[in-house]
Amino acid sequence: METKTQPEARREGRLVFHVDMDAFFASVEQHDHPEYRGKPLIIGGLSGRGVVSTCSYEARRYGVHSAMPMTQAQRRCPQAIFLPGNYARYGEVSAQIFEIFAAFAPVVEPLSIDEAFLDVTGTELLSGSPRAYAVRLKEEIRRQTGLVASVGIAPNKFLAKIASDLEKPDGLVVVPADEAGIRAFLWPLPVRRIWGVGAKTAARLASLHVRTVGELAAMPPKELSRQFGTKTAEQLSRLACGRDDRPVAPRGEPKSIGKEETFLRDLVQREEIERVLLHLAEQVGWRLRRQGKKARTIQIKVRRGDFTTWTRSRTLETPTCYDEEIYQVARSLYHALAPAGGIRLLGISAQNFGAAEELSLFDGGAPQKKENLYSAIDRLKQRFGEDIIGHGHI
C-alpha cells in the first residue's frame, strides 16, 4: 500500500526513513511454512502465564495483539496456530535485513530486531525522489527475504516513526518537510501518537479538552507547565510541533545482555521464583554465547507487587557465559536480598564483558566436557529455538 497524496519531502536538510517489518516473527513463519499463510498465527510464551510476542494480521482481526496474555489470546482466537517462536531463525533474517539497510543508507540506527532509522540524506537522489528510493528499499527487502516492510519518510526521527505506523501493513507515508506540511500531517492525529503520552497522560489531557496533537500544540505553555512540570511540558510542546533534533546514530557494542519477565500474578513460592531465575539464566547464557562474550558482572532486578524495585549485582573473578554459574549467582543475590511479599518482575543481566583473551578462560581452562555440552545445547537452540532445551532445577 502506498500513500499517493502526500507531497515529497524537500531535498535539503535531513531525510530520515523509519523502516519497520510488518508482523515480523509471524511473517517469517508464514514465509518458511506455506501452510500457515492466510491463517491466524500467534507467537509467544505458551505457558499459562505467557504473553503474545507477535501475531499475524489474520489474528489481529480477532483483537489479539502483542503483550496480551496468551490465555486471553487463546480465548479470542482459539482456532489460531500457536508457536513458541524460532528466535534463532528470526535473528538470521534480521541480519539479512540489516545488511540491506546498510546498502541503502550510510547511517543506520537499530531500534529492535525488526526496525531501524536510516539517515538517507542525499542518497535518495539516486532514485530521483525519497518515495522512489523507499520503494526500491521495500522491493529489495521483499526480493531477498520474501517479507514486507512499512516505511515512514520525514525530516526527523519522531515524524518518521509515526509515519511508518499509519498505513500498516505494506505502508509508505511521506511527511512534508515544511512547517505547514508537518502541521497538516501531525496536528489531526490523536494525542496518544506523541512519545511519552500514555493512557494516564492522555486521560489528563482529555480532561483539559486536549485530544489531538494540534490541540496540544495550541495549549498555553504556562498551563502545560502547571499541569505537567516544565521539563515534560517543553518535551510535549516540542513534539506537538514536530520538532526532533536527535541525529540518527549507530548503536555501539551492547554494555549488557539481559532478560526479564513480568508475571500476571505475583510469585510467592521460593521454588517457583528459583525456577524462573533458572529459565532467565539459561536465556542470558545462550545470548552471551551467541555473541561470543563472557561477563564478569551478574545483576538481578526484582520488583514487588507494590512496584518497589531493587537491583543487586556481583562481580566475578573469572568471566562466565554458563547457565548454571549465572543462575547460582542470581539465586544467591536474590536470597541475600530476601524481599518480602509477592514478586511481580524478575530479571537477570550480564555486564562488564571480559577482554577477548579472557574469553577462553574458565577456572584455568574450561573442561572439554562442559564446552562440548554447551556446544550441543547451542546447536539445538540454533535449530529449534532457545526454549527447546533447559536444565533441570539446579
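Residues that are surrounded by 15 or more Cβ atoms within 10 Å (Cβ to Cβ), over 24 Å from the mean Cα position of the chain (by Cα) and not in a loop (DSSP other than H, G, I, E, B) do occur in the range 190-208.
Sort out which residues of the range 66-92 are closer than 16 Å to Q30 by Cβ, small (G, A, S) and either under 19 Å from the mean Cα position of the chain (by Cα) or modelled with pLDDT under 90 (or both), and write them in order of number. Across the range 66-92, the qualifying residue is only G85.
For R226, the criteria (1) within 27 Å of S164 (Cβ to Cβ); (2) free of Cβ contacts under 8 Å to residues at least 12 places away in the same chain hold in every case but one, which is (1).
Consider V276 carefully, then state whether it is assigned to a helix (DSSP H, G or I), surrounded by 11 or more Cβ atoms within 10 Å (Cβ to Cβ) and either touching a strand residue (DSSP E or B) at 6+ places or on another chain (Cβ under 6 Å) or basic (K, R) (or both).
Numbers: assigned to a helix (DSSP H, G or I): yes; surrounded by 11 or more Cβ atoms within 10 Å (Cβ to Cβ): yes; either touching a strand residue (DSSP E or B) at 6+ places or on another chain (Cβ under 6 Å) or basic (K, R) (or both): yes.
In short, yes.
R251 falls short on exactly one of the conditions (1) under 30 Å from L333 (Cβ atoms); (2) free of Cβ contacts under 8 Å to residues at least 24 places away in the same chain; (3) part of a loop (DSSP other than H, G, I, E, B), and that condition is (2).
Filter the range 13-45 for residues that are in a loop (DSSP other than H, G, I, E, B) and small (G, A, S) and give the result. I'd like the intermediate steps shown before the answer.
Quick first cut of the range 13-45, residues in a loop (DSSP other than H, G, I, E, B) only: 13-15, 22-23, 33, 37-40, 45.
G13, A23, G38, G45, listed by residue number.
One residue stands out in the range 147-167 among those that are assigned to a loop (DSSP other than H, G, I, E, B) and in contact with an Asp or Glu (Cβ under 6 Å, 6 or more places away or on another chain): the one that is surrounded by the fewest Cβ atoms within 10 Å (Cβ to Cβ), namely V148. Of all residues in the range 228-249, how many are out of contact with any Lys or Arg (no Cβ under 7 Å at 6 or more places or on another chain) and more than 17 Å from R183 (Cβ to Cβ)? Total meeting the criteria: 11.
Only helices (runs of 4 or more DSSP H) wholly contained in the range 48-129 count here; list those with 3 or more residues that are aromatic (F, W, Y) and under 24 Å from Q144 (Cβ atoms).
Values: elements: 57-60, 70-76, 87-104.
Correct list: 87-104.
The values are calculated or read from the model by the stated rules, or taken from the named source; none is laboratory data. Keep in mind that this is a model prediction, so the values were computed, not measured. When we count neighbours, we look across all protein chains shown, and the Cβ atoms used for this are built from the backbone with ideal geometry, even at glycine.
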